[in-house]
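Encoded as structure tokens, the structure appears first; notes follow it.
The values are calculated or read from the model by the stated rules, or taken from the named source; none is laboratory data. Remember, predicted model here, so these are calculated numbers, not experimental data. Methodologically, a virtual Cβ is constructed for each residue, glycine included, from the backbone with ideal geometry; neighbour enumeration extends over all protein chains shown.
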Amino acid sequence: MLVCLGTRYSSLISFVRQHWEEPGKFLGLPTGYPSIDFYSGFRPGELTLLAARPGVGKTSFALSVLRNLLPALKDGEGIAFFSLEMSIEEIFLRLVSIESRVPLSDIRSGTVPVEKRKVVEDAAGRIAHLGLYIDDDSSMSVSLIRSRLLQFRAEVVWRLIVIDYIGLLTPEGPIANRAVQLGDISRALKALAREIGAPVLALAQLNRSVEAEADKRPKLHHLRDSGCLEQDADNVWFLYRPSLVIDPSDRARWKKHYEHYTEVICRKARNGQQFRVALKWVGETASFEEYSTEEAREVAAQEGLGVVDW
Ligand SMILES: Nc1ncnc2c1ncn2[C@@H]1O[C@H](COP(=O)(O)OP(=O)(O)O)[C@@H](O)[C@H]1O
Ligand SMILES: [Mg+2]
């Protein structure tokens, strides 16, 4: 639809004014992690890829972000989570563990002490009533995701759409090689973000090639190895947990942070800066936390975090 700017003037000028009414404020959806939100967040219409090797914590990161954001949703707003890999029950258990801080393994094995069960149930009650919509259909294409979202058009304003994960989406175009298929999928996801007017966070699995290099921090070409995904993405973030990939004899470098240290590395940012920040992995609840100020200072000084110019 062609829009005459004059007829949109009042909304356009208030968009301009927002920039000085709250200077420096990120005009989008935060992640809930101050160290990331300082640089970036999720803007409506943008496609953000979050990529890492299996088991590094892509799902954990997405669920931690959901846990941060859900309480701030207003009536009628929702977040959609398309889980191609895990069932609703499994996702719910993981969210309940994050919310209650009761170890996931205790919840799953039924060993939560009686006096802690109320904490778990209360957390479950909160999580279930915060505007999270989960679709655990394991066979999904982008057009199916689109139609599932549009079904709720009259009731829900989508604030964020999460897809876990992109490699499991069914391709729709003509038969082609994998790289071309993934390119089609990322293009369709970008179009979806713009049509729905919400940010899309799509998780992506990196293949083994990233482990072959001396610096095991994932880079854009590793994503390319798994298909031409990054072309249409506005932002590309990687997760890197040295404790999973470096030789344990090297652990002295990370000192007491070794087990927990995780970097979120932004290597593409269409409307912002690229950055490298640290979060703390909490294995018991399979989630990420912000470092305390003191720890953050120590970690940042050691690792040279912040804005980067690759
Ligand atoms: N159900 C679970 N029970 C216990 N630990 C888990 C469970 N799921 C994940 N984890 C832990 O969290 C880590 C990150 O998992 P996940 O976020 O699912 O990774 P990814 O999505 O990147 O493959 C895993 O390596 C594992 O240590
Ligand atoms: Mg996962």
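Structure summary
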item: Residue under evaluation R67, criteria (1) within 16 Å of ligand 1 (Cβ to nearest atom); (2) under 22 Å from L220 (Cα atoms); (3) of a type in the set (D, E, K, R); (4) under 13 Å from the mean Cα position of the chain (by Cα), criterion not met; result: (2)
item: Tabulated pairs, the stretch 283-310, first acidic (D, E), second surrounded by 11 or more Cβ atoms within 10 Å (Cβ to Cβ) and in a loop (DSSP other than H, G, I, E, B), C-beta under 7 angstrom, 6+ apart or interchain; result: E284/P103; E290/Y33
item: Filter result for the condition that a residue is crowded, with 18+ Cβ neighbours inside 10 Å and touching a His at 6+ places or on another chain (Cβ under 8 Å), over A80, A62, A51; result: A51
item: Residue pairs meeting the criteria (Cβ under 7 Å; at least 6 apart or on separate chains; first closer than 14 Å to T48 by Cβ and hydrophobic (A, V, I, L, M, F, W, C), in the stretch 14-32; second at pLDDT 85 or above and not in a loop (DSSP other than H, G, I, E, B)); result: F26/D37; L29/F42; L29/L69; L29/R159; L29/L160
item: Members of the stretch 92-109 found to be touching a residue at least 40 places away in the same chain (Cβ under 8 Å), near ligand 1 (Cβ under 9 Å from one of its atoms) and not in a loop (DSSP other than H, G, I, E, B), listed by number; result: R94, S97, L104, S105
item: Positions within the stretch 166-185 being outside any helix (DSSP H, G or I), of a type in the set (A, V, I, L, M) and in contact (Cβ under 8 Å) with a residue 24 or more places away in the chain, in sequence order; result: L169
item: Residue check, E46 among the acidic types (D, E), closer than 30 Å to G306 by Cβ, in contact (Cβ under 8 Å) with a residue 24 or more places away in the chain and away from ligand 2 (no atom under 16 Å from the Cβ); result: yes
item: Any hit, the stretch 75-91, residues being within 14 Å of ligand 2 (Cβ to nearest atom) and either assigned to a helix (DSSP H, G or I) or touching a Pro at 6+ places or on another chain (Cβ under 8 Å) (or both); result: yes
item: Failed item in (1) farther than 17 Å from L66 by Cβ; (2) in contact with a Leu (Cβ under 7 Å, 6 or more places away or on another chain); (3) in contact (Cβ under 8 Å) with a residue 40 or more places away in the chain, with G131 passing the rest; result: (1)
item: Breaking point among (1) touching a helix residue (DSSP H, G or I) at 6+ places or on another chain (Cβ under 8 Å); (2) in contact (Cβ under 8 Å) with a residue 40 or more places away in the chain; (3) assigned to a loop (DSSP other than H, G, I, E, B); (4) among the hydrophobic types (A, V, I, L, M, F, W, C), for A188; result: (3)
item: Cβ pairs under 9 Å, 6+ apart, first in the stretch 61-76 and closer than 26 Å to R153 by Cβ, second within 16 Å of ligand 1 (Cβ to nearest atom) and basic (K, R); result: L63/R94
item: Subset of the stretch 93-124 that is among the small types (G, A, S) and surrounded by fewer than 20 Cβ atoms within 10 Å (Cβ to Cβ) - its residue that is farthest from ligand 2 (Cβ to nearest atom); result: G110
item: Residue identified as among the acidic types (D, E), closer than 27 Å to S100 by Cβ and at pLDDT 95 or above among D164, D122; result: D164
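Residue-wise test of (1) surrounded by 12 or more Cβ atoms within 10 Å (Cβ to Cβ); (2) under 21 Å from the mean Cα position of the chain (by Cα); (3) within 18 Å of M86 (Cβ to Cβ).
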position	(1), (2), (3)
R146	yes, yes, no
Q151	no, no, no
A154	no, no, no
R159	yes, yes, no
I163	yes, yes, yes
P171	yes, no, no
